[in-house]
């Protein structure tokens, strides 16, 4: 068996567990910001007076900026050093959050959300690459990635609970201001704990690759957002989706030819890493569907308050946390990711199938709670090995952009899931109403019919993901080489 990496090669090794705490705070802030903004939207709309059609741009502005710039953010961390990229990302996110919370107009709120996305694209891959380069011992690395994956899984539910609490007790603006309480202390701690590692030979940024990747990802996320609001047949939607395909194909062609590409294709060509990116994207598509449609069901159909809705999601968080801890520390080092990821997706698919039993008058304890527990276990089984495997064997000089691929997978998967499931749910609800008429009770049943349709499709997405990832992942346990080595990880089982 190959020797483990030398801890002395990692300059942050001595303070690694404190650094993990700082990275965890940053990751929690990024993840909960997605769902906490949804909770704030109805109150913000009433306060600022914007229309229901404009409301989606508060969410879309963040997704567009984050999704299109995250690869560039990861490469900036590689080129200019992770410490100060991390600190700038945190402080910039705090400033954008303060601007959004103080907004007195719809335009300023959307601009602030876009600015949050810009700094989030800088911060998210830097945080993960710091984790990758700080923890070099395989056993400790597994524990650290387990904690990180657990935060990623629970952050959405925590955002719902925190957003509901702040909206009910204070004001919607505190759903934005709260990011300052995470970002500023984390930035101060990061500045004190992290070592700046100068890049010995800073190569030129791949400008053509950056432009084509950013434009392609922007077109993809925008097209998916348009599909959600205007339909898949809308000419603008079709144009942007075709444009994204052309630009991303051009990006891949450019990366094959340049000496120092924005995204070395070896990062995604490895079967285990490629399967991990796919698993993260699939899990994000499913979990976004859960938060979106189950939130609507609990609030609009069952009449729960935002705070009660947040509390209703806690069982999923409580099932994710122990699953991730056990998988990362005890199971993954022995089995590798191959048996875990397909099993997790299968369990999540089963949880989705159980959710299709909901109705207008069904009880939370019997029809929602068991599904949330199963989905939480499945999600933990999926993301814990996927996060740990996605950056294994990547040289230190590329760890930022490899980490950015994790965030890209999350963003694109979530956008595809939200757009696709929203369209299918709306179509099912419309068909139900057309067949039965627009009576008040039928309207409620139609909404539930839409949610059930979305859950069936989400179950199918997880099932297909289980088959594909199971066929791509290699058997055996893979050991991570010391960072800075260019060789891929090798099988040691």
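The numbers here are math on the coordinates, done by the rules we state, and not lab data. If you're wondering where the values come from, they're calculated on a predicted model, not measured in any experiment. For neighbour counting, all protein chains shown are included, and Cβ atoms are generated from backbone atoms with ideal geometry for every residue, glycine included.
Here is how the numbers come out for the structure above:
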{"quantity": "Pairs of Cα atoms farther than 26 Å apart, region 322-443, %", "calculated": "41"}
{"quantity": "Theoretical gain in end-to-end length, residue 51 to residue 181 [0.36 nm per residue, Cα-Cα removed]", "calculated": "43.8 nm"}
{"quantity": "Degrees separating the helix 369-390 axis from the principal Cα axis of the chain, which is the longest one", "calculated": "30"}
{"quantity": "Length-normalised contact order of region 1-153 in % [C-alpha pairs under 8 Å, at least 6 apart]", "calculated": "37"}
{"quantity": "Average projected area [Cα convex hull, region 207-261], square nanometres", "calculated": "3.3"}
{"quantity": "Ranked list, fewest to most other Cβ atoms within 10 Å of each Cβ, for 196, 367", "calculated": "196, 367"}
{"quantity": "Nearest-ten-degree value, helix 52-80 long axis tilted from longest Cα axis of the chain", "calculated": "0"}
{"quantity": "Expected-Rg normalisation [2.2 N^0.38 Å, Cα atoms] applied to the chain", "calculated": "0.93"}
{"quantity": "Fully extended contour minus Cα-Cα distance, from residue 252 to residue 18, at 0.36 nm per residue", "calculated": "80.4 nm"}
{"quantity": "Helix-only CD estimate at 222 nm, as mean residue ellipticity for the chain, using -39500 (n - 2.57) per DSSP H run (n ≥ 4)", "calculated": "-26000 deg cm²/dmol"}
{"quantity": "Average Cα contact separation per residue, the chain, under 8 Å, 6 or more apart, as relative contact order %", "calculated": "23"}
{"quantity": "Using a Förster distance of 22 Å, the FRET efficiency for residue 434-residue 361 (Cβ separation, nearest 0.05)", "calculated": "0.40"}
{"quantity": "Förster radius 30 Å - calculated FRET efficiency between residue 108 and residue 204 (Cβ-Cβ, nearest 0.05)", "calculated": "0.25"}
{"quantity": "Two-site FRET efficiency, residue 188 against residue 474, from Cβ-Cβ distance with R₀ of 60 Å, rounded to 0.05", "calculated": "0.90"}
{"quantity": "Shape of region 164-252, Cα gyration tensor, a/c cut at 1.5", "calculated": "oblate"}
{"quantity": "Cα shape, region 231-304, gyration tensor, a/c 1.5 rule", "calculated": "oblate"}
{"quantity": "For region 41-168, alpha-carbon Rg and Dmax in angstrom", "calculated": "16.8, 53"}
